[in-house]
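First comes the structure, then the notes that go with it.
The values are calculated or read from the model by the stated rules, or taken from the named source; none is laboratory data. This structure is a prediction, so every number in the text was calculated from the model and none was measured. Here Cβ is always computed from backbone atoms with ideal geometry, including for glycine, and neighbour counts include all displayed protein chains.
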Amino acid sequence: MIAPLTAVTPVQEIPFADAGGNHLWIKRDDLLPFSFGGNKVRIAASFLEDCKSKGCDAMILYGDRRSNLCRVLSAMNTASFLDTVMIETSENEQPDIVPFNERMIRLHGIRILPCRKTEIRSTVEYAMEVLRTEGKKPYYIYGNSLGEGNEGTAADAYVRASDEILAWEKASGIPIDYVFTACGTGSTLAGLAVGLLEGGSRAEVIGISISSRSPERARSCVCRAAYDWYRRAGRIAPDCLETHLTVETAYNCGGYGRKDQRVLDLIRRVFLETSIPLDPTYTGKAFRGMLDYLKDHRIQEKNILFLHTGGTPLFFDLLAEENGWAVGEKV
């Protein structure tokens, strides 16, 4: 089994005219050396470690057809000989388009249970019962059948990863003022906020929401993950925790999986100027939102760190979609 948490990803400075006079760096977690990288490599390893520590021998995943986490966990669990079931909800997807993430999940032979979003709880309970009937002890990555109770496990991955940012600040002598990242379930953002706060960083951590959650709902998800980490650690969260992080919902293009031409234009420009791939579901939207946030809040001459959370297969999905390529087609 590869130990992805031992890999320290590089921090790369990029000159970018639209950064508003700010100094911009990108931490390349898309280069983590497992299953096309991304933040979900760290999070998946944290789930797998927790699963094994609880004596479980089967895992239940949840996500849609583009899920980076399900892609990585499918590969990681297969390498660990762990029986895996994926609960898949993709009501808003185009059925004739098969994302690369889904292709890889299916390649690993993962059992998939499609369901509507209104059926998630019952499907989780069904999957648990099936696995128990097979003599397995199942582990659901999101806790109970309501998807609650395991937020701190995922957050812990980025509490630990924040040590790399702190070490880079110390080695480079460059104090980071703001850290930006894409915010979906909020675990990565929560972990970064906790880790940097605990490490004495002065940086404000800002998550650019990529889903249609309300500001209140998006923030509550992040805070719940952060507080769950402190609970698991047997510690009390500091009073300043919630002022240390921001969840910005104004740049989500209308919801999860949705994009606009500005996001697409930016993805193309960043790739042509830096060779760094972004995707329209997470990183491209978050990068566009970061630039808009800096402009809208008149932030200038600051040191900005963008955490690249990966999603490279989604970048290739975009290439295929825009160019009308079929898998295996000669270009």
Looking at region 185-199 only, could you name the residues that are buried (at least 24 other Cβ atoms within 10 Å of the Cβ) and within 14 Å of the chain's Cα centre (by Cα)?
186, 187, 188, 189, 190, 191, 192
Criterion: aromatic (Phe, Trp, Tyr), surrounded by fewer than 23 Cβ atoms within 10 Å (Cβ to Cβ), in the same structural domain as residue 160 (by TED's automatic domain parsing) and within 18 Å of the chain's Cα centre (by Cα) - qualifying residue of 34, 16
34
Taking the criterion of being surrounded by 19 or more Cβ atoms within 10 Å (Cβ to Cβ) and closer than 28 Å to residue 293 by Cβ, would at least one residue in region 49-65 satisfy it?
yes
Can you name the residue in region 301-324 that is among the small types (Gly, Ala, Ser) and over 19 Å from the mean Cα position of the chain (by Cα) and is also surrounded by the fewest Cβ atoms within 10 Å (Cβ to Cβ) among such residues?
324
Considering region 38-59 alone, what residues qualify as being of a type in the set (Gly, Ala, Ser) and assigned to a helix (DSSP H, G or I)?
44, 45, 46, 53
Restricting to region 219-233, name every residue that is within 14 Å of the chain's Cα centre (by Cα) and buried (at least 24 other Cβ atoms within 10 Å of the Cβ).
222, 225
Picking from 109, 149, the residue that is surrounded by fewer than 19 Cβ atoms within 10 Å (Cβ to Cβ) and within 19 Å of residue 187 (Cβ to Cβ) would be 149
Among helices (runs of 4 or more DSSP H) entirely within region 67-140, at least 2 residues that are touching a helix residue (DSSP H, G or I) at 6+ places or on another chain (Cβ under 9 Å) and outside the structural domain of residue 33 (by TED's automatic domain parsing) occur in 68-79, 100-107
So, in region 43-81, of the ones that are among the basic types (Lys, Arg) and at pLDDT below 95, which residue ends up farthest from residue 121 (Cα to Cα)?
66
